[in-house]
Amino acid sequence: MTSPEKQDTTGDLDEREFAGQLAPLIPAVPPIAGRMLGLLLVTNEPHLSSRDLMDQLGVSSASVSNMGRLLIHGGLVVRTVSPETRRDLFSLRSDAWVSQWQDFVAIAEKTLAVLDDALARQPHDQSVSRKKLEETRDHYAFLVQDLPLQQERFRKWRAEQRGEQSADV
């Protein structure tokens, strides 16, 4: 496997190689799901069929189905069914990264509420457990406050990078 710095720069991206390089970099996602996501990122096709994914990844139909379900649940992938072949078609969600970000903010908000509730029920002492809960609560409070700001900064940055006018609200 070549490093990104040593890749051929002729414009011929090896989709399988890219998928293999990306897969181990995605935390908490099985390697096959990471490779599947990698293929969906670099394909020029609007979608890949379950057969395409099986062939390119060298995995079973069950693996494609299970890993597809995982990526769908994570908000990154959409599955439709081809009316002609009746096969599953997988594609990257057009708003995958925004959706994932929004899901993470919602999870952080729910986690913060659970932590606040736990702290309200615990004695106000200097116990080790209270200190751990307070530290975790502070982390999530920061995330809940900062993540929407990061998303807005990203939106503006991306518009600037593309020479677009930012749609400020």
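The values are calculated or read from the model by the stated rules, or taken from the named source; none is laboratory data. The structure presented is a predicted model; accordingly, all values stated were derived computationally and were not measured. Neighbour counts run over all protein chains shown; Cβ positions are idealised from the backbone, glycine included.
For the stretch 46-64, enumerate the residues that are outside any loop (DSSP other than H, G, I, E, B) and either surrounded by 15 or more Cβ atoms within 10 Å (Cβ to Cβ) or on the phi > 0 side of the Ramachandran plot (or both).
The initial filter retains those residues of the stretch 46-64 that are outside any loop (DSSP other than H, G, I, E, B), namely 48-57, 61-64.
Once the filter is applied, which keeps residues that are outside any loop (DSSP other than H, G, I, E, B) and either surrounded by 15 or more Cβ atoms within 10 Å (Cβ to Cβ) or on the phi > 0 side of the Ramachandran plot (or both), the stretch 46-64 yields 48, 49, 50, 52, 53, 54, 56, 57, 63, 64.
Only one of (1) on the phi > 0 side of the Ramachandran plot; (2) not assigned by TED's automatic domain parsing to the domain that holds residue 44 fails for residue 86. Which number is that?
Against the list (1) on the phi > 0 side of the Ramachandran plot; (2) not assigned by TED's automatic domain parsing to the domain that holds residue 44, residue 86 comes up short only on (2).
Which condition does residue 60 not pass, out of (1) within 19 Å of the chain's Cα centre (by Cα); (2) modelled with pLDDT of 95 or more; (3) hydroxyl-bearing (Ser, Thr, Tyr), if it passes all the others?
Condition (1) is where residue 60 drops out.
Here is a list of conditions, (1) at pLDDT 90 or above; (2) of a type outside the set (Phe, Trp, Tyr); (3) assigned to a loop (DSSP other than H, G, I, E, B); (4) exposed (fewer than 14 other Cβ atoms within 10 Å of the Cβ), and residue 85 meets all of them except one; can you say which number that is?
Going through (1) at pLDDT 90 or above; (2) of a type outside the set (Phe, Trp, Tyr); (3) assigned to a loop (DSSP other than H, G, I, E, B); (4) exposed (fewer than 14 other Cβ atoms within 10 Å of the Cβ) one by one, residue 85 breaks only (1).
Quick check on my filter: what residues within the stretch 31-45 are surrounded by fewer than 23 Cβ atoms within 10 Å (Cβ to Cβ), of a type in the set (D, E, K, R) and under 16 Å from residue 17 (Cβ atoms)?
none
Where residues in the stretch 28-45 are in a loop (DSSP other than H, G, I, E, B) and aliphatic (A, V, I, L, M), which of them is farthest from residue 15 (Cα to Cα)?
Residue satisfying both the conditions and the ranking: 28.
Does residue 138 satisfy the condition of being assigned by TED's automatic domain parsing to the domain that holds residue 27, surrounded by 12 or more Cβ atoms within 10 Å (Cβ to Cβ) and out of contact with any Asp or Glu (no Cβ under 9 Å at 6 or more places or on another chain)? If you could, list the steps in order and put the result at the bottom.
On the way: assigned by TED's automatic domain parsing to the domain that holds residue 27: no; surrounded by 12 or more Cβ atoms within 10 Å (Cβ to Cβ): yes; out of contact with any Asp or Glu (no Cβ under 9 Å at 6 or more places or on another chain): yes.
So residue 138 does not fit the description; no.
Taking the conditions exactly as written (at pLDDT 90 or above and either in contact with a Cys (Cβ under 8 Å, 6 or more places away or on another chain) or not basic (Lys, Arg) (or both)), does residue 14 satisfy them or not? Before you say what the answer is, go through the steps one by one.
On the way: at pLDDT 90 or above: no; either in contact with a Cys (Cβ under 8 Å, 6 or more places away or on another chain) or not basic (Lys, Arg) (or both): yes.
Taking the combined requirement at face value, the residue does not satisfy it.
Confirm whether residue 151 is part of a loop (DSSP other than H, G, I, E, B), without any contact (Cβ under 8 Å) to a residue 60 or more places away in the chain and in contact with a helix residue (DSSP H, G or I) (Cβ under 9 Å, 6 or more places away or on another chain). Quick ask: steps written out before the conclusion?
On the way: part of a loop (DSSP other than H, G, I, E, B): no; without any contact (Cβ under 8 Å) to a residue 60 or more places away in the chain: yes; in contact with a helix residue (DSSP H, G or I) (Cβ under 9 Å, 6 or more places away or on another chain): yes.
Criteria not met by residue 151.
Could you list, in sequence order, the residues of the stretch 88-137 that are aromatic (Phe, Trp, Tyr) and outside any helix (DSSP H, G or I)? Step through it out loud before you land on a result.
Here is the first cut: in the stretch 88-137, the ones aromatic (Phe, Trp, Tyr) are 90, 97, 101, 104.
Selection gives 90 alone.
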